[in-house]
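The values are calculated or read from the model by the stated rules, or taken from the named source; none is laboratory data. Model, not experiment: these values are computed from the prediction. Using ideal geometry, Cβ is built from the backbone for each residue, glycine included, and neighbour counts are taken over all protein chains shown. Heavy atoms of the whole protein, side chains included, go into the accessibility calculation; ligands, DNA and RNA do not. Shrake-Rupley method; radii C 1.70, N 1.55, O 1.52, S 1.80 Å.
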Amino acid sequence: MALLIITTILWAFSFSLIGEYLAGQVDSYFSVLMRVGLAALVFLPFLRIKGHSLKTLGLYMLVGAMQLGIMYLLSFQAYLYLTVSEFLLFTVLTPLYITLIYDLLSKRPLRWGYLLSAGLAVLGAAIIRYDKVSDHFWTGLVLVQLANISFAIGMVGYKRLMETHPMPQHSAFSWFYLGAFIVAALAWVVMGNSQKLPTTGLQWGILVWLGVVASGLGYFMWNYGATQVDAGTLGIMNNMHVPAGLLVNLAIWHQQPHWPSFIMGGAVIVASLWVHRRWVAPRSSQTADVRRRDSAPSE
């Protein structure tokens, strides 16, 4: 849980930095290429083939391509149509995607309690960020939802791989980032605009920070933390970036949130996490134990 909290704080700065200094100014495909390329370099020394099947390595590359490569390509395009606050608003369904996808990949019945706690987190984030949307509502909404689904598939896929085909996580992430880099490189070659490269030291600095810190270290900590908690907690924590992102806007750009909705929505998110950890997760564990006992062969 501590790693998820630290990463949430770390990522809170990314939304505003991208929206203020990169979106519409630097080619989005180049931004994605730089971000995942630098992250891949950070973990390149840990790239190992020995002791792992090509299928397993390919699966780790696939979840990296989904969680970072495709998700970033969609997200950076979405910033062309949305403000930072609108982008945050449209990410509130991610906990539902995480819960549903985890149950589907695990081939287990849908856990309605998990959907309830995730739904409370969605409600809290929506309370915080509900405001008048722009004329590009539908385009931005579709792009962000596709990015959310890609992110959820990659995150849940990584968690499942660590459960079924475990390997040292620093080695796993070297393949994870390699998969994302291949997607980003192909996108840049096919659709990139070499006329819109960074023109200031600040823009280059932001790309380096996003690649090395926010992506390289951030996603490693987030996915490592994801393997230590259940899918419901993971989904709820994913929505904590909404109040965190707003606080960054307040601290740096002095963009005042609507305090009543901010406090109310934040309280709902925290309450959803408390409800999940206090009642939903324990009940789910008890139900799973009963099912295992019932299905065990009698002597």
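Couple of notes before you dig in:
- Members of region 5-39 that are in contact with a helix residue (DSSP H, G or I) (Cβ under 6 Å, 6 or more places away or on another chain) and free of Cβ contacts under 8 Å to residues at least 60 places away in the same chain: Ser28
- Qualifying positions in region 136-171 - of a type in the set (Val, Ile, Thr) and in contact (Cβ under 8 Å) with a residue 24 or more places away in the chain: Thr139, Val144, Ile149, Ile153, Val156
- All of Leu143, Leu202 fail the test of being open to solvent by less than 60 Å² (accessible area, probe 1.4 Å) and either touching a Pro at 6+ places or on another chain (Cβ under 8 Å) or farther than 30 Å from Lys50 by Cα (or both), apart from Leu143.
- Residue within region 176-196 that is part of a helix (DSSP H, G or I), out of contact with any strand residue (DSSP E or B) (no Cβ under 9 Å at 6 or more places or on another chain), open to solvent by 40 Å² or more (accessible area, probe 1.4 Å) and farther than 21 Å from Leu74 by Cβ present: no
- Selection over region 22-61 of residues that are open to solvent by less than 20 Å² (accessible area, probe 1.4 Å), closer than 18 Å to Ile182 by Cα and assigned to a loop (DSSP other than H, G, I, E, B) gives a count of 1.
- For region 150-175, the set of residues classified as open to solvent by 40 Å² or more (accessible area, probe 1.4 Å), in contact with a helix residue (DSSP H, G or I) (Cβ under 7 Å, 6 or more places away or on another chain) and at pLDDT below 90 consists of Arg160, His170, listed by residue number.
- Looking across Gly64, Gly19, one residue alone is farther than 22 Å from Ile153 by Cα and either modelled with pLDDT under 85 or surrounded by 19 or more Cβ atoms within 10 Å (Cβ to Cβ) (or both). It is Gly19.
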